[in-house]
Amino acid sequence: MSIQNREAFLDKLASRLGRERRTAGVERPQWSVTPQDEVFHGMSQDELVDVLEKHCKVIHTTFKRTDRDGLTKVLNETLEDYEGKLIITSKDPRYQEYGVTEFFEEQKEQLDVHVWDSAQGKKNQQIAERADVGIVFSDITLAESGTVTSFNTKDNGRSISLLPRTFIAIIPKSTLVPRMTQAARHIHQAQANGEDVPSYVSFITGPSNSADIEMNLIVGVHGPVKATYIVVD
């Protein structure tokens, strides 16, 4: 992809600022006050879990907590509550690590599980539209806002959390951070280190909702009507 008229555009901006273009030596300022870093500063992971649990009530999201051994039991209970039969998941090695893949294989008579497959193209989205439940592992979890971060790649389409009737996020406790500040810093640092950073990142906060009409919150309007977060110790 080529960028058109970039130099002319930047030259014009510099001229409007009354100076020459700066192409080197630009450094981020060292601010004397950084309130964005003070929110929940110094909290342990368990304390952040408590913050997340409290905020789940605000965003109309069911909160559950378990350990690895109990994950499939809690997941099964949630699927039963959602009457989930057709499931769509991302292609993520953590399903194998946490025993979810084995659970799906054991339940193959009751559950129809589709793992996102980039080779199938649009068919993945069509399955997501019909799915009862979309399941993803959280990559970064923001305790303050109850937000799950999903790095969307060819193996993790954003339709998984957008199109199914309900949504489940499996949240390893280690992914918890206080707020957006830390998530943005993590992504920026990864890019600065030359890591392969996804071009699309989804921030998912509970089920779909809207407050467009006189600021009255309506939950479950244009995507998953219910959401469950399962924190795994």
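We did not get these values from a lab; they are worked out from the coordinates using the rules stated. Note that the structure is a prediction, hence the values are computed from the model and not measured. With ideal geometry, Cβ positions are generated from the backbone for all residues, glycine too; neighbour counts draw on all protein chains shown.
For the reader, a short list of remarks on this structure follows.
- When you filter the trypsin sites (Lys or Arg not before Pro) in segment 154-231 for DSSP loop state and at most 13 other Cβ atoms inside 10 Å of their Cβ, you are left with Lys154.
- Cα gyration tensor, segment 23-65 - rounded (a/c under 1.5), prolate or oblate: prolate
- Max mean-square fluctuation residue, GNM over the chain, Cα-Cα springs under 10 Å, options Arg19, Arg94, Arg65: Arg19
- The alpha-carbon atoms of the chain, seen along their principal axes, cover 69, 43, 42 angstrom, with the largest extent given first.
- Radius ratio Rg over Rh of segment 167-217, counting only Cα atoms, Kirkwood formula for Rh: 1.08
- When DSSP beta bridges are restricted to pairs lying wholly in segment 121-233, around 45% turn out antiparallel.
- For Val231, nonlocal amide neighbours, meaning residues 5 or more places apart or on other chains whose placed amide H falls under 5 Å from its own, are Lys64, Arg65, Thr66, Ile171.
- Sorted from greatest to least, the principal axis extents spanned by the alpha carbons of segment 67-132 come out as 35, 26, 18 Å.
- Using a Gaussian network model of the chain in which every pair of alpha carbons under 10 angstrom is joined by a spring, one finds that among Gly84, Gly206, Gly25 the greatest mean-square fluctuation is at Gly25.
- When the listed pairs Lys91/Lys123; Lys54/Lys226; Lys64/Lys85; Lys173/Lys226 are checked against a 19 Å cut-off, the alpha-carbon distance exceeds it for Lys64/Lys85; Lys173/Lys226.
- GluC sites (Glu not before Pro) within segment 50-109, DSSP loop, no more than 13 other Cβ atoms inside 10 Å: Glu83, Glu109
- Helix-derived mean residue ellipticity, 222 nm - over the chain, DSSP H n ≥ 4, -39500 (n - 2.57), to 500: -9000 deg cm²/dmol
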